[in-house]
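First comes the structure, then the notes that go with it.
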Amino acid sequence: MNIFRWLRKNWSTLLLSFLFALVVWGSAVVSANPNQENDLSIPLEVVEQPPNTVIVDPIPEQVTITVYAPQSVIEEIRDEQILMGRVNLSGLEAGTYNVTVSIEVPDELRPIRIMDKNPEQIQVTLDNLVRREVPIATEINGKPAVGYKVGPVNWSSETVTVSGRETQVQKIDTVKAELDISDADETINKEIPLVPYDSEGKRVVEIDLEPTSVEVEQQIVLQGGYRNVAVNVVTQGKVAAGYRFTSITPNPPTVMTFSENPQLVEELPGYVNTEPLDLTGVDDYMETILELDLPEGVTVVGDPTVLVQVNVTTIKTNMTITREVEVIGLLPGLKAEVSPPNVDVGIYGPVPTLDNLTQRDVRVIVDLSDLEEGVHKVTPEVEILPSDVSMETILPGTVEVTIEPSNGPTPEG
């Protein structure tokens, strides 16, 4: 009874003590984990997007929020990225909308206050995804080569499936496949890309085509009385001595022949000859125009002449020549004897140049600069004047040089 009497007498004091303790505890907690206001960037995602729709323009990937929360909560948000911004498109149809950005805060993050967010709203444009079949408009442009005509054509597909945003698909007026047969002289087999155009002839983008291309076979056939044959250059004579021709090229390499009697062109051996080309004495590149030697009753469609280009090159070989070893750079008052006095030099170059070499064109030299009296092993140097001639070997590779005073006794042989 005494304790109850004491409690009734002192309850206000106890309550004040409890509240004071609670304040002290809260102050300690806040001091250890103070509230802060911070700006954070969090991911932004789209939810509840209606099926068969597409967002026309990209939306931001993140939203910036200002939060007021204990330091530990802010650090948790930064480390674990558990806050997410959302744009809910539920129930929307094709069109443009300003949709509010919502921030969902999990219960385990509380206490937390969202002070601000940027942006508050996102403009979203939705468009329906549609598909439709469109006929392929095929076009053949140009003309085949002279003497040829267009035969049957076969396209692998007549329609194409167009899919994408409804506003873009509706723009399509035609889907074209264009084949160019300009100067074709054989059947064409190739893959042609499909290109969508609007009613003004402008290409429509941001759509998908299935298939994206079609295969076409366009037959190109030779007309009766025409035949394409090679040009054969007839030659006579020989190029200059020491030369050979590397190529003889007619331009054009083939010509289209024609006869009112188709049998005459069918009897051609697959080529026509030129008038003879005289190569006598040719030692350089040459060009000339030659007439074609055509059978009677056969003509050439176009120019009856051809440009003939002749490339010649020198014949290269190797040879060995003997040269006396020349001494240079000997100090005054000394004389030198070289053993052996002559060496063999192997050289390589064009035959005409080798046939016209002089003694001064190829020299063998030993430079005795700074060498004193005595016997020395010296490597000769070979000097070759013609730039198109090169040295291959020198035998021997070294010579023995004896240097002595010029007034000294002459060495015995």
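The values are calculated or read from the model by the stated rules, or taken from the named source; none is laboratory data. All values derive from a computational prediction rather than experimental measurement. All Cβ positions, even for glycine, are placed from backbone atoms using ideal geometry, and neighbour counts span all protein chains on display.
Key figures for this structure:
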item	result
Tally, over segment 167-184, of residues that are of a type in the set (Asp, Glu) and either touching a Ser or Thr at 6+ places or on another chain (Cβ under 6 Å) or buried (at least 16 other Cβ atoms within 10 Å of the Cβ) (or both)	1
Neighbours by Cβ (under 9 Å, 6+ apart or cross-chain): first from segment 168-187, at positive phi and assigned by TED's automatic domain parsing to the domain that holds Val205; second assigned to a loop (DSSP other than H, G, I, E, B) and buried (at least 17 other Cβ atoms within 10 Å of the Cβ)	Asp183/Pro144; Asp183/Ala145
Where a residue in segment 382-410 is more than 19 Å from Val325 (Cβ to Cβ) and its partner, wherever it lies, is at pLDDT below 90 and hydrophobic (A, V, I, L, M, F, W, C), with Cβ under 7 Å and at least six apart	Pro405/Leu334
Some residue of segment 212-228 being under 30 Å from Asn128 (Cα atoms) and surrounded by 16 or more Cβ atoms within 10 Å (Cβ to Cβ)	yes
In segment 351-393, the residues that are more than 30 Å from Pro405 (Cβ to Cβ), over 47 Å from the mean Cα position of the chain (by Cα) and hydrophobic (A, V, I, L, M, F, W, C)	Leu357, Val362
Criterion: closer than 30 Å to Val153 by Cβ and either in contact with a Leu (Cβ under 7 Å, 6 or more places away or on another chain) or not assigned by TED's automatic domain parsing to the domain that holds Glu133 (or both) - qualifying residue of Pro295, Pro253, Pro276	Pro253
Selection status of Pro60, at pLDDT 90 or above and either assigned to a loop (DSSP other than H, G, I, E, B) or in the same structural domain as Phe258 (by TED's automatic domain parsing) (or both)	yes
Total residues in segment 165-213, condition basic (Lys, Arg) and closer than 22 Å to Ala94 by Cα	2
Top-ranked residue in segment 203-236 [being without any contact (Cβ under 8 Å) to a residue 40 or more places away in the chain and of a type in the set (A, V, I, L, M); ranked as nearest to Glu158 (Cα to Cα)]	Val204
Any hit, segment 132-141, residues being within 30 Å of Val301 (Cα to Cα), surrounded by 12 or more Cβ atoms within 10 Å (Cβ to Cβ) and touching a residue at least 12 places away in the same chain (Cβ under 8 Å)	yes
Some residue of segment 84-106 being outside any loop (DSSP other than H, G, I, E, B) and in contact (Cβ under 8 Å) with a residue 60 or more places away in the chain	yes
Residue check for Thr317: closer than 30 Å to Asp283 by Cβ, in contact with a helix residue (DSSP H, G or I) (Cβ under 7 Å, 6 or more places away or on another chain) and either touching a residue at least 24 places away in the same chain (Cβ under 8 Å) or loosely packed, with under 12 Cβ neighbours inside 10 Å (or both)	yes
Among (1) more than 30 Å from Arg244 (Cβ to Cβ); (2) modelled with pLDDT of 90 or more, the one test that Glu412 misses	(2)
Any hit, segment 195-213, residues being polar (S, T, N, Q), at negative phi and touching a Pro at 6+ places or on another chain (Cβ under 7 Å)	yes
Criterion (β-branched (Val, Ile, Thr) and out of contact with any Gly (no Cβ under 8 Å at 6 or more places or on another chain)) met by exactly one of Val231, Val255, Val265, Val239	Val231
